[in-house]
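The values are calculated or read from the model by the stated rules, or taken from the named source; none is laboratory data. What you see is a predicted model, and the numbers here were worked out from it, not measured in a lab. Backbone-built Cβ (ideal geometry, glycine too); neighbour counts: all protein chains shown.
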Amino acid sequence: MYVACQQGAVAGLKTALCEPNGPFRLAYSARGLLTLKTQLSVPHWSRALPEHPLIRSRGVVLGKVEGTESARMLAQILESTKSLDWQVCHVWQRDMADPGWNGFEPGGTPLAWLVAEQFRSLVQDARPVIANRPSFDSEAHRVDTQALDPKLDRILEIIIDEPNRWWIATKRAQQNYDFWPGGIPEFPIPELVLSRAYMKIAEAFAWGNLQIRPGEKIVEIGSSPGGACQWLLDQGASVTGIDPAEMDPRIVKHPNFTHWQSRSLQLKRKLFRPFRILVCDANVAPKYTLDTVEGIVAYPTTNLRALVLTIKLPEWQTSNSIPEFLERVRSWGYADVAARQLGHNRREVCVIAKNRLAVAASD
Ligand SMILES: C[S@@+](CC[C@H](N)C(=O)[O-])C[C@H]1O[C@@H](n2cnc3c(N)ncnc32)[C@H](O)[C@@H]1O
């Protein structure tokens with residue numbers, strides 16, 4: 001088995017998944033990539049894959065390929081997997097740095113892109129070989145990254161650990177992120193983004209399978225300088241940003257944007273009545289975020305169909321409290337509540353709550 005995650009999450013995942021707490025023993029560890037052994041034999045297309053909010057991608061390891069010539073390594077992969085009825089191949093590279101460090105963002109890399117192209121020509125049938133676009137990539141370089149197809153759930157993975165060491169894995173995709181190479185979705189990124197929160201919110205809505213209705217009223221607590229508002233406005237939402245700090249002037253002048261320059265707790269709760277989605281990205285302790293949002297959600301005139309909360313983790317150990325955070329959000333009446341450390345999250349997790357039972361009729 002392998003799991004991929006952010007480097008900071010490695011220690012917590014080891015503890016959660018390995019003996020005595022879990023069924024695994026550590027076999028190999030690199031930045032953001034662990035391979036795990038178990039005494040049970042795990043079928044290639046097993047549905048029993050490890051689950052944890054800090055896991056970005058997971059699968060069953062077949063083995064590794066080492067070498068200095070990609071053509072040879074790929075021929076070896078093709079040969080050793082020819083009896084496997086895989087439907088799609090994902091090629092991706094483990095993170096070389098933390099998200100946001102020196103402009104690094106998880107996702108496509110030039111190497112993974114080239115390996116995918118090479119494997120595609122070797123496979124010689126119509127099975128898709130997918131890699132995310134590397135960030136430098138231009139429109140002209142676009143290849144066939146395709147929409148997620150739930151019928152194509154038997155995925156072969158080529159995971160580039162080092163340029164000369166690749167892991168081969170299989171996975172039976174179950175969650176939507178299993179259909180994304182390395183667990184990172186692709187979405188268009190404009191040349192100018194006002195902050196990294198643009199990527200975080202785009203990924204959050206993709207993972208949460210949340211659609212924005214035209215003109216829908218969305219409020220964001222902790223909105224400055226405005227990357228997330230930029231994305232929400234790009235999707236056609238009508239956005240109110242709450243933050244004592246200034247917003248970027250390009251957001252302020254957008255006709256569908258309103259700035260309430262204040263701390264969230266200083267605002268009357270009845271003001272939240274028009275909003276259907278609440279986003280919170282304030283850099284405060286988890287308890288403060290949950291207290292603030294609970295105060296709004298519990299107010300009788302509030303009618304939020306979804307919450308998208310960034311829960312900052314003051315230290316990595318705070319991730320042990322994620323089940324309690326989720327329980328608290330569920331207690332507000334939401335049926336679907338989940339947490340995931342998004343690829344673009346730093347030391348934080350995203351919690352999405354949907355389908356509020358009490359207001360389902362008017363939704
Ligand atoms: C990570 S930044 C938000 C980035 C932003 N979402 C974006 O898209 O660019 C965190 C923000 O939370 C704001 N903040 C902290 N406490 C707050 C509170 N109680 N109410 C509103 N905003 C708060 C800070 O002023 C800061 O601008």
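Below are the figures for this structure:
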item	result
Test result for VAL3, of a type in the set (A, V, I, L, M) and outside any strand (DSSP E or B)	no
Members of the range 288-324 that are part of a helix (DSSP H, G or I) and either within 16 Å of the ligand (Cβ to nearest atom) or over 18 Å from ALA339 (Cα atoms) (or both)	TYR288, THR289, LEU290, ASP291, THR292, VAL293, GLU294, GLY295, ILE296, VAL297
Residue in the range 231-250 that is surrounded by the most Cβ atoms within 10 Å (Cβ to Cβ), counting only those that are touching a residue at least 40 places away in the same chain (Cβ under 8 Å) and within 11 Å of the ligand (Cβ to nearest atom)	LEU232
Some residue of the range 208-228 being modelled with pLDDT under 95, of a type in the set (Val, Ile, Thr) and either under 16 Å from LEU307 (Cα atoms) or within 16 Å of the ligand (Cβ to nearest atom) (or both)	no
Every residue from the range 55-104 that is free of Cβ contacts under 8 Å to residues at least 12 places away in the same chain and either acidic (Asp, Glu) or part of a helix (DSSP H, G or I) (or both)	GLU69, ARG72, GLN76, GLU79, TRP101, ASN102, GLY103
Number of positions in the range 7-46 that are of a type in the set (A, V, I, L, M) and either over 25 Å from MET96 (Cα atoms) or part of a strand (DSSP E or B) (or both)	8
Top-ranked residue in the range 251-287 [being at pLDDT 95 or above and part of a helix (DSSP H, G or I); ranked as nearest to the ligand (Cβ to nearest atom)]	ILE251
Lone unmet requirement of (1) surrounded by fewer than 20 Cβ atoms within 10 Å (Cβ to Cβ); (2) assigned to a strand (DSSP E or B); (3) β-branched (Val, Ile, Thr) for ILE189	(2)
